[in-house]
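As structure tokens, the structure follows; a few thoughts come after it.
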Amino acid sequence: MKRRDFFKSAAVVGIASFFKTNALGSVLTGEPVAVHSQPDLVAVMGGEPAVMLARALKELGGIGHFVKKGQKVVIKPNIGWDRTPELGANTNPELVGALVKMCKGAGASQVIVFDHTCHDWKKSYTNSGIERAVLAAGGKMVPANDESYYAEVDFPRGVNLKKAKVHKALLECDVWFNVPVLKHHGGAKNTISMKNLMGIVWDRSFFHSHDLHQCIADAATFHKKPALNIVDAYRIMKTNGPQGKSASDVVKLKSLLVSPDYVAVDAASMKLFSQVVPTDMKDVRYIALAEKNRVGTQNLEKLNVKRIKL
Amino acid sequence: MKFLKNIRILLAVLFFLPIFLFFIDFTGKLPLEIHKLMSIQLIPALLSFNLIVLGILLVLSLLFGRIYCSTICPLGVLQDVLTWKSRFFRKKKKKIRYNYTAPKNILRYSILAVTIVVFIFGSSFLVILLDPYSTFGRIVSQLFRPLAIWGNNALAFIFSAMGNYTFYKVEQVSFVPMAFGISILFFLLITQMSWFKGRSYCNTICPVGTSLGLLSKFSIFHISIEESTCTRCGACEKQCKSQCIDSETMKVDDTRCVSCFNCLSACKKGGISYDFRYKKKQVQPIEEKVSNSRRTFLLSTGAALVSVALSGTNKIIGKDDPILSRKPVMPPGATGIEHFNQHCTGCQLCVSKCPMQVLKPAAFQYGITGIMQPHLSFSTHIFCTFDCNICTSVCPTGALQPLAIDEKKLTQLGIAQFRKEKCVVFAKEEDCGACSEHCPTQAVHMINYKNGLTIPEVIKDLCIGCGACESICPVRPYPAIYVEGSIKQGKAIKPSESKKFIKKIDDFGF
């Protein structure tokens with residue numbers, strides 16, 4: 001290779017990785033790409049969780065596009081609280097169960113589900129209904145209640161968060177899905193896909209003492225991006241989040257938002273949420289900070305957004 | 001009559017194993033109903049004024065002697081297990097042999113009297129220390145349980161390395177030097193005594209054993225030697241772990257006999273039997289015990305005075321942070337500090353059963369007389385679970401009154417104290433809200449501060465003192481929000497529900 005050619009190709013690779021467009025990367029690695037415009041974000045409304053998930057994935061090329069035969073899959077829902085599904089504090093168990101089933105159907109060798117819970121982990125796993133749904137679909141629940149399950153990871157692009165211990169299951173898997181639930185949140189204002197990342201790390205108190213919003217935005221620079229962020233907005237918690245006090249904190253929106261882009265999916269979710277409780281997106285500071293960290297965009301106009309009403 | 005020994009062993013196993021395993025079980029898999037076996041223990045029944053159990057135990061003792069000590073009392077059975085195990089460490093020729101010893105009356109009656117007097121004076125210090133069931137509970141929860149957890153965690157380590165999560169890591173029992181020290185002391189004491197002297201702990205130190213001894217003197221059935229058939233071979237005496245059979249004089253000291261029936265199995269000649277006390281006309285020998293009364297009185301008064309003086313001493317004050325000198329946070333259902341301190345025997349059952357392990361044995365938080373009584377100790381991720389009332393339902397002594405889950409959710413164990421100047425939002429002007437996030441009643445809620453920031457505020461009437469806020473506050477070592485214990489547990493007002501959202505949303509909003 002001539003010196004000039006080397007610089008040329010280096011520049012192309014550099015630009016490609018800067019824009020993070022999958023298409024360019026795929027061309028370089030020689031993978032087949034669906035060239036016609038695949039949506040960047042799919043929003044579905046008006047169905048049951050499993051139905052909406054199937055529809056959204058169909059738009060995105062099917063589960064086989066993300067999960068290959070024999071791969072190890074991790075699903076990270078929000079199972080933070082010892083609460084029943086009706087109270088909307090955790091991700092909908094039907095959604096998680098359906099996703100596990102799809103991954104198994106695509107030939108995943110194993111599907112692992114965990115969360116670093118806030119309440120007693122066994123009670124949270126059980127009473128959220130998630131454990132039952134995952135086991136029934138052929139997945140595996142893994143504990144996350146002890147530091148020994150975590151390993152240190154560098155976050156070179158993080159501003160405040162430079163290092164964190166991340167759950168080993170996530171570090172060892174081939175592909176993972178981030179499956180948060182849309183909720184009001186007393187500390188971070190709202191919790192969606194990026195806030196859900198606090199459940200993959202061991203030491204959360206570092207976040208709270210080093211500018212919560214900046215640390216959440218930094219967590220989104222985690223080198224291993226989820227294949228998709230699947231935001232459960234079937235039941236949303238409008239007030240008293242993240243735990244909620246009663247069922248009157250919950251509003252049934254029967255919606256699902258799916259995107260590989262953390263920032264886009266969080267921004268879209270905030271717009272959906274604002275119809276229930278008007279919220280200034282600037283107050284959910286981590287969204288803008290994450291955009292600054294170049295992990296995605298909150299400018300939905302630039303993206304190919306697919307809206308589906310069932 | 002050899003079958004009596006087998007029945008005794010069977011009953012002992014049936015009582016002992018569930019109790020032992022219940023204290024060890026760190027997974028919460030064993031049924032909670034097992035706690036009923038603790039309620040039939042004598043001291044817990046006495047403290048909770050359980051007349052049915054007390055009546056049954058009284059009748060049993062008056063019928064059969066101290067079978068309580070041989071079957072129901074877990075500390076008694078533990079000693080039998082230790083004695084039995086000790087055989088494996090002895091040479092065959094040195095097989096354990098007991099000899100009759102005179103009763104240590106001064107000692108045992110003094111201990112009983114002092115314990116009673118001190119208790120009447122308002123301090124349960126000696127009851128806590130000497131109740132055999134509670135001693136057993138502490139030995140198992142402080143010594144055996146940590147070993148079981150270590151074993152489990154070793155397995156969890158090996159298995160999870162292979163991708164199998166059948167075993168999961170369990171938080172080790174936190175080391176409280178005072179509780180550990182006392183537990184190991186008593187364990188060594190009873191091991192030593194049972195190893196060499198059978199049931200001498202029960203017959204010299206244990207106040208329950210001594211008082212049941214006073215009853216068993218009149219029991220309808222008792223062990224007696226048939227003078228006509230006895231050859232004074234001494235086989236029964238050698239087997240008597242209470243050392244209460246004197247084969248020379250053919251007398252059995254009923255006050256120390258624990259009805260283990262080992263002697264019946266030992267005698268080949270039918271010279272010893274378990275039968276009616278009142279069948280023959282026989283005058284009970286009057287024991288010399290009157291002579292003790294003066295010494296006993298002096299001893300007990302002295303001890304009572306010392307205990308009363310000690311119970312008044314509070315812990316040392318004058319530390320930097322108010323959190324260090326806060327009032328202790330009692331478990332739910334304790335109602336008030338006087339009731340709690342008087343009734344709790346520090347058996348560690350609630351501590352062992354607490355799924356969050358927020359309950360810990362106290363050192364001096366309740367003063368010197370409340371050592372080992374449980375208190376809530378909050379640390380990262382460790383606080384009182386909102387939807388849990390296990391401790392209130394297992395307490396055998398009535399120190400913790402049973403609370404229905406809805407009552408427990410409104411019981412104020414303490415009140416959160418917010419210290420604005422330490423809070424991240426005030427000190428760093430950054431969002432945090434971890435306390436409010438964890439607050440189950442939203443007594444700690446976020447109010448507008450400045451520049452879009454929100455800062456916590458505590459509504460005291462809503463706070464139940466669960467400590468979730470304190471456990472998660474990132475400010476360390478002294479958090480910006482902490483729970484000050486309530487001396488009298490009040491009732492919080494029920495949190496109001498938020499307004500229901502009724503408008504129909506059928507657009508994405510983007």
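The values are calculated or read from the model by the stated rules, or taken from the named source; none is laboratory data. All of these numbers come straight from a predicted model, not from anything done at the bench. Cβ: placed from backbone, ideal geometry, glycine included. Neighbour counts: every protein chain shown.
The residue that is farthest from the other protein chains (Cβ to nearest Cβ), among those in the stretch A:260-310 that are more than 22 Å from B:Asp506 (Cα to Cα) and among the hydroxyl-bearing types (Ser, Thr, Tyr), is A:Tyr262. Report whether or not A:Asn304 is touching a Ser or Thr at 6+ places or on another chain (Cβ under 7 Å), under 20 Å from A:Val42 (Cα atoms), surrounded by fewer than 21 Cβ atoms within 10 Å (Cβ to Cβ) and touching a residue at least 40 places away in the same chain (Cβ under 8 Å). Yes. Checked against (1) farther than 15 Å from B:Thr397 by Cα; (2) surrounded by 15 or more Cβ atoms within 10 Å (Cβ to Cβ), B:Trp150 passes all but condition (2).
Scanning the stretch B:177-211 for residues that are β-branched (Val, Ile, Thr) and either at positive phi or surrounded by fewer than 18 Cβ atoms within 10 Å (Cβ to Cβ) (or both) turns up just one, B:Ile184.
Applying the condition of being crowded, with 20+ Cβ neighbours inside 10 Å and within 14 Å of another protein chain (Cβ to nearest Cβ) to the stretch B:366-381 and asking which residue is nearest to B:Gln348 (Cα to Cα) yields B:Phe378.
Could you please let me know if A:His208 is within 7 Å of chain B (Cβ to nearest Cβ), modelled with pLDDT of 95 or more and buried (at least 22 other Cβ atoms within 10 Å of the Cβ)? Criteria not met by A:His208.
From B:Ile487, B:Ile405, B:Ile455, B:Ile447, which residue is surrounded by fewer than 17 Cβ atoms within 10 Å (Cβ to Cβ), within 13 Å of chain A (Cβ to nearest Cβ) and touching a strand residue (DSSP E or B) at 6+ places or on another chain (Cβ under 7 Å)?
Answer to the selection: B:Ile447.
Within this structure, B:Ser70 fails the test of being among the small types (Gly, Ala, Ser), modelled with pLDDT under 95 and not in a loop (DSSP other than H, G, I, E, B). When the stretch B:162-213 is filtered for residues that are over 20 Å from the mean Cα position of the chain (by Cα), without any contact (Cβ under 8 Å) to a residue 40 or more places away in the chain and in a helix (DSSP H, G or I), the ones remaining, listed by number, are B:Gln192, B:Phe196. The set of residues from the stretch A:230-249 being among the small types (Gly, Ala, Ser), over 17 Å from A:Met198 (Cβ atoms) and over 16 Å from the mean Cα position of the chain (by Cα) comprises A:Gly244, A:Ser246, A:Ala247, A:Ser248. Looking across the stretch B:425-440 at every residue that is part of a loop (DSSP other than H, G, I, E, B) and more than 7 Å from chain A (Cβ to nearest Cβ), the one that is surrounded by the fewest Cβ atoms within 10 Å (Cβ to Cβ) is identified as B:Glu429.
From the list B:Ile139, B:Ile106, which one is touching a residue at least 24 places away in the same chain (Cβ under 8 Å), aliphatic (A, V, I, L, M) and surrounded by fewer than 19 Cβ atoms within 10 Å (Cβ to Cβ)?
Testing whether each residue is touching a residue at least 24 places away in the same chain (Cβ under 8 Å), aliphatic (A, V, I, L, M) and surrounded by fewer than 19 Cβ atoms within 10 Å (Cβ to Cβ) leaves just B:Ile106.
Selection within the stretch A:211-239: residues that are surrounded by fewer than 24 Cβ atoms within 10 Å (Cβ to Cβ), in contact with a Phe, Trp or Tyr (Cβ under 8 Å, 6 or more places away or on another chain) and among the polar types (S, T, N, Q). The member of this set that is nearest to the other protein chains (Cβ to nearest Cβ) is A:Gln214.
Listed by position, the strands (runs of 3 or more DSSP E) enclosed by the stretch A:129-196 that each have at least 3 residues that are more than 14 Å from chain B (Cβ to nearest Cβ) and either surrounded by fewer than 21 Cβ atoms within 10 Å (Cβ to Cβ) or touching a strand residue (DSSP E or B) at 6+ places or on another chain (Cβ under 8 Å) (or both) are A:150-154, A:163-167, A:175-179.
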